[in-house]
1. Kindly indicate which of LYS268, LYS319 is in contact (Cβ under 8 Å) with a residue 12 or more places away in the chain, open to solvent by 70 Å² or more (accessible area, probe 1.4 Å) and under 25 Å from LYS365 (Cα atoms).
2. Among the residues of segment 298-309, are any more than 14 Å from HIS266 (Cα to Cα), touching a strand residue (DSSP E or B) at 6+ places or on another chain (Cβ under 7 Å) and part of a helix (DSSP H, G or I)?
3. Specify the residue that is nearest to LYS342 (Cα to Cα); the eligible residues are those in segment 371-392 that are within 27 Å of the chain's Cα centre (by Cα) and surrounded by 24 or more Cβ atoms within 10 Å (Cβ to Cβ).
4. Working only within segment 129-163, note down all residues that are among the hydrophobic types (A, V, I, L, M, F, W, C), free of Cβ contacts under 8 Å to residues at least 60 places away in the same chain and within 22 Å of THR201 (Cβ to Cβ).
5. Take THR244 and decide whether it is at pLDDT 95 or above, closer than 22 Å to LEU295 by Cα and of a type in the set (Ser, Thr, Tyr).
6. Restricting attention to segment 173-185, report how many residues are more than 24 Å from the chain's Cα centre (by Cα) and either among the β-branched types (Val, Ile, Thr) or open to solvent by 20 Å² or more (accessible area, probe 1.4 Å) (or both).
7. Looking at segment 437-458, which of its residues are buried (at least 17 other Cβ atoms within 10 Å of the Cβ) and not aliphatic (A, V, I, L, M)?
8. Out of GLN188, GLN170, report the one residue that is farther than 18 Å from ASN214 by Cβ, open to solvent by 20 Å² or more (accessible area, probe 1.4 Å) and outside any helix (DSSP H, G or I).
Amino acid sequence: MRGHDWINTLLPDELLIEIFRRLDSKSNRDASSLVCTRWLRLERLTRAAIRIGASGSPDLLIHLLAARFSNITTVHIDERLSVSIPAHLGRRRSSGNSSVKLHDVNDKHGSASDQSDLDSLCLSDSGLASLAEGFPKLEKLRLIWCSNVTSEGLSSLARKCTSLKSLDLQGCYVGDQGLAAIGQCCKQLEDLNLRFCEGLTDNGLVELALGVGNALKSLGVAACAKITDVSMEVVGSQCRSLETLSLDSEFIHNKGVLAVIKGCPHLKVLKLQCINLTDDTLNVAGTSCLSLELLALYSFQRFTDKGLCAIGNGCKKLKNLTLSDCYFLSDKGLEVIATGCKELTHLEVNGCHNIGTLGLESVGKSCQHLSELALLYCQRIGDAGLVQVGQGCKFLQALQLVDCSSIGDEAMCGIASGCRNLKKLHIRRCYEIGNKGIIAVGEKCKLLTDLSIRFCDRVGDRALIAIAEGCSLHYLNVSGCHLIGDAGVIAIARGCPQLCYLDVSVLQKLGDIAMAELGEHCPLLKEIVLSHCRQITDVGLAHLVKGCCTVLESCHMVYCSGVTSVGVATVVSSCPNIKKVLVEKWKVSQRTQRRVGSVISYLCMDL
């Protein structure tokens, strides 16, 4: 029958709901919900997650969302995201005590009405109660810097959302009573993140650990000055199913961490940034944490090779290791890790100044499954170390080098020859790496899609031409490589039609010709950074957006002396999907400001 609605006639609700659940993007779901009232109602039933920024009236927004979506299981509220706050208002934490205070920037004392106005911009206990009432099936909740939420709101949530499994309270000033309520009511809680929760003490964490017990599998504590060894000991005795522990504290010592390590035999992830820990902690971890897969050590000045050797000798399942600012670790410790942990796939060495070429050579010889390697501020690691990695680590897919002054073209040629599966290469301020090394990568690493070469003075157009001929890049950053000009970028434009992101900032030789080529050959370009490119003019921008106008979302062009208000207007008027333009304020005309002011970001913000 002509014009008959066969879909709505023949398909039951259950089948339509299943179809909506299989839609791959939010935009497709939104479009489907506009077809008819029935589809709108059914599509709402399939929504399982919502994400809320600083909306300006979060309590009201949550009330409206709860009335529309009844099957929500995941809520993410992040009040760091932008919101238009009245210019005369500001917010900061009081240094005198840990409570959150609201202040009038212009008025030293601040009026009660101003404080009330700013309070209304933030999620409150009332809003959290509405959330709990409207989303009783909630399983995962993230409250990021919701600083007006207190224990009262958290307690009301705990009583209603008893199926809660994951809770993130980063930057929330909740107290012990709220955390204790979570422990009493949410017996299925598996994941808890307490970061910058200044109002919490040992009492709250102890009550939670006693309440959830073996259900808890992941715990993160950072910058909580009143949480000490006392609560860590209770976690170790009560939460024996714990698999992930992340600690960043100046007030936790060996005693607390050892209690967790000894009491939680299933630990797989251990991240520690505690300046009071010593080798004793790692020695016990090496014998007790036999299932450990990820270990991250940050800013340790009391760890030595002795502790790292214990990990290498005992934790045979270790796959991911991060060593950051551990000044007393040397090649010896890394050698034991390499020979003992042969399943290692990810290694990051950052600012460990006593680790050098010999340690990295051991990794290259023993860790054949290594897929990601990051070396940051490693002045003592030379070419021979990376050459050995190239020979032994055939599955390497990602390499990051930052401020490694002893690594040059020989190392890059070694990586290119051996690591044909390389997909991501990030290099910054490695001044001995030049055209020769990057050309080798372009000729041999055909799978490379992500390349960042920042402030490498010896890399020029010849390197980019080789990359364009051998690789199909999606991401390219050549910021600060002053030898690169139009020829290199033109080659990239013609050879990498899949390019989505490009950063060519601080390239003084780059001009309008390259912009025209990008506009013609890179139709998928979404983000481009042109800042400090003084030879690019309004004409180049016009050619650029002519080809990329349908997909371009972000354009940074501060300190481009050849760009005027005409060029800015051309970009924002030609690109319907533009979301952010970074430019000097004086280059934005009043007409442009009126039309698309929401997408304009200025180099200097008015305070």
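The values are calculated or read from the model by the stated rules, or taken from the named source; none is laboratory data. This structure is a prediction, so every number in the text was calculated from the model and none was measured. So basically every Cβ, Gly included, is an ideal-geometry build from the backbone, and we count neighbours across all protein chains shown. Please note that ligands, DNA and RNA were not included when accessible areas were found on the heavy atoms of the full protein model with its side chains. Shrake-Rupley method; radii C 1.70, N 1.55, O 1.52, S 1.80 Å.
1. Values: LYS268 fails: under 25 Å from LYS365 (Cα atoms).
Only one candidate passes the filter, namely LYS319.
2. To start, the set of residues in segment 298-309 that are more than 14 Å from HIS266 (Cα to Cα) comprises 298-309.
Checking which are touching a strand residue (DSSP E or B) at 6+ places or on another chain (Cβ under 7 Å) leaves us with 298-299, 303.
Of the ones still in play, those that are also part of a helix (DSSP H, G or I) are none.
No, that holds for no residue.
3. Within segment 371-392, the match that is nearest to LYS342 (Cα to Cα) is LEU373.
4. Filtering segment 129-163 for residues among the hydrophobic types (A, V, I, L, M, F, W, C) gives 129, 131-132, 135, 138, 141, 143-146, 149, 154, 157-158, 161.
Next cut, free of Cβ contacts under 8 Å to residues at least 60 places away in the same chain only: 129, 132, 149, 154, 157-158, 161.
Correct list: VAL149, LEU154, LEU157, ALA158.
5. Working: at pLDDT 95 or above: yes; closer than 22 Å to LEU295 by Cα: yes; of a type in the set (Ser, Thr, Tyr): yes.
Against the criterion (at pLDDT 95 or above, closer than 22 Å to LEU295 by Cα and of a type in the set (Ser, Thr, Tyr)), THR244 qualifies.
6. Taking segment 173-185 and keeping what is more than 24 Å from the chain's Cα centre (by Cα), we get 174-185.
Narrowing the set further to residues that are either among the β-branched types (Val, Ile, Thr) or open to solvent by 20 Å² or more (accessible area, probe 1.4 Å) (or both) leaves 174, 176-177, 182, 184-185.
Within segment 173-185, residues that are more than 24 Å from the chain's Cα centre (by Cα) and either among the β-branched types (Val, Ile, Thr) or open to solvent by 20 Å² or more (accessible area, probe 1.4 Å) (or both) number 6.
7. Within segment 437-458, the first condition is being buried (at least 17 other Cβ atoms within 10 Å of the Cβ), and the residues that meet it are 437-442, 444-445, 448-456, 458.
Those that are buried (at least 17 other Cβ atoms within 10 Å of the Cβ) and not aliphatic (A, V, I, L, M): GLY437, GLY442, LYS444, CYS445, THR449, ASP450, SER452, ARG454, PHE455, CYS456, ARG458.
8. GLN170
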